[in-house]
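*Asks:* Sharing a structure, written as structure tokens. Questions coming.
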Number of protein chains: 2
Amino acid sequence: MKHRIITISREFGSGGRTIGRETAKQLGIPCYDSELIQKTAQESGFEESYIINADESTSGGFIGSAFSTRAFGPTAEDYLWEAQRKVILELAEKGPCVIVGRCADSILREKADCLTVFIHADLKYRADRIVKVYGERQESPEQRIREKDKRRAAYHRFYTDMKWGYAKNYQICLDSGNLGINQCVNILKILY
Amino acid sequence: MKHRIITISREFGSGGRTIGRETAKQLGIPCYDSELIQKTAQESGFEESYIINADESTSGGFIGSAFSTRAFGPTAEDYLWEAQRKVILELAEKGPCVIVGRCADSILREKADCLTVFIHADLKYRADRIVKVYGERQESPEQRIREKDKRRAAYHRFYTDMKWGYAKNYQICLDSGNLGINQCVNILKILY
């Protein structure tokens, strides 16, 4: 089966974004990630810096928003979610691409011809990798991973009602720590 | 990375056993499934028919055993689990192979060089497939699937304390309904 769009969900530090970019590069199609944030910002009127802070994976406003009763209507996070959803649907209309994160798997589920991918790896591999890629921080790499994964999973669950990391929600799940990033790219290319 | 053994966990009707057999055939290595049951029977002194009834996926004694307090010591199911575990460890020692089901993924986790695989598919695909492969029954195919999956998941959880179908427990998870059985075989061959 041929797929026009690859959506990648990933654990923090698993190399999912690198796999997405490299797969897109080798297939000669665009990969949307920070570009997507910019486009969302432009179209929704949100400041880009706000969107970065309120992103699925950061310690911004999402958790507070998740516990809001919505008694005063949708939260700023809800508007952001809706703006991102529209951008993703437009990108999917525009042509073949890879989209990393932002619940694109769920948003495009019924709308596009997608290969839905989840990339994960064990804690040790990810801890070593985030120090290499993002450098040392005051928190331990393990703490940074736990915190970021927890927020990504909560965000995904809140806005999509799908369990993050549950195999049945994806067409393919790959352990990048064990299989290696290049092998993951090879497999996605074969399935595209 | 080269793998000597492929373990396949699978949802009922997903074609996991077929994928295992075909992969083994194309790789020129054995696939253990009913052979494994026979070998277990011979070595443990259990009657083969008893083992088939008490298998991970059937409506035999497992559920009753799961709720036993073990006040009178291990249940017959516990002895069977131990016998199967020994057989799987011996098979893994003997040489490269594919092992379908029976918690081989968990049993061999620390002991062998394994590619751990989970095969799943949506309910519609599996319902159609079990009628083709196993024929009509009095129960609807959907009922048969729900019942069998529930037992497999409960068995796996009880004896391994690992969540069945959770992506992080496997190196690769594949949606056979979407990707197709042949493509799943191709990917496993590449990763072996």
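The values are calculated or read from the model by the stated rules, or taken from the named source; none is laboratory data. If you're wondering where the values come from, they're calculated on a predicted model, not measured in any experiment. When we count neighbours, we look across all protein chains shown, and the Cβ atoms used for this are built from the backbone with ideal geometry, even at glycine. For the accessible areas, the whole protein counts, side chains as well, though only heavy atoms, and no ligand, DNA or RNA atoms are used. Shrake-Rupley method; radii C 1.70, N 1.55, O 1.52, S 1.80 Å.
*Asks:* Defining the label point at 7 Å along Cα→Cβ, can you sort the distances from residue B:161 to the same site in each other copy, shortest first, in nm?
*Replies:* Shortest to longest, the spacings are 3.5 nm.
*Asks:* Check cross-link reach from residue A:189 to the aspartates and glutamates: straight Cα distance under 17 Å, and skip same-chain residues fewer than eight apart.
*Replies:* Candidates past the 8-residue exclusion: A:22, A:113, A:175, B:175.
*Asks:* Note the distances from residue A:122 to each other copy's matching label point, with points 7 Å along the Cα-to-beta-carbon direction, in nm, sorted shortest first.
*Replies:* Shortest to longest, the spacings are 3.5 nm.
*Asks:* Residue by residue through the stretch B:157-174, which ³J(HN,Hα) values in whole Hz follow from phi under the Karplus form 6.51 cos²θ - 1.76 cosθ + 1.60 (θ = phi - 60°), with glycine and proline marked x?
*Replies:* Result, ordered by residue: 5, 5, 8, 10, 6, 10, 6, 6, x, 8, 3, 5, 7, 10, 7, 8, 10, 10 Hz.
*Asks:* Of B:111/B:163; A:25/A:163; A:124/B:168; A:124/A:163, which ones are farther than 18 Å apart at the Cα?
*Replies:* B:111/B:163; A:25/A:163; A:124/A:163
*Asks:* Given a cut-off of under 8 Å on Cα pairs at least six residues apart, what relative contact order in percent is computed for the stretch A:97-192?
*Replies:* Result for the stretch A:97-192 is 40 percent.
*Asks:* Considering the options A:101, A:112, A:140, tell which one lies farthest towards the positive end of the dipole of the stretch A:90-149, charges being +1 on Lys and Arg and -1 on Asp and Glu at the Cβ, about the Cα centre.
*Replies:* A:140
*Asks:* List, shortest first and in nm to one decimal, how far the label point of residue A:89 (7 Å from Cα along Cα→Cβ) is from its counterparts in the other copies.
*Replies:* For residue A:89, the other copies' label points sit at 5.6 nm, shortest first.
*Asks:* Please find the FRET efficiency linking residue A:90 to residue A:161, where r is the Cβ-Cβ separation and R0 is fixed at 22 Å, and quote it to the nearest 0.05.
*Replies:* Computed FRET efficiency for residue A:90 and residue A:161 comes out at 0.45.
*Asks:* Can you give the accessible area of residue A:81 in Å² (nearest 10), computed on protein heavy atoms with a 1.4 Å probe?
*Replies:* So the heavy atoms of residue A:81 present about 30 Å² to solvent.
*Asks:* With a 1.4 Å probe, how much accessible area is buried between chains A and B, both sides summed, in Å² to the nearest hundred?
*Replies:* About 2000 Å² of accessible surface is lost on pairing.
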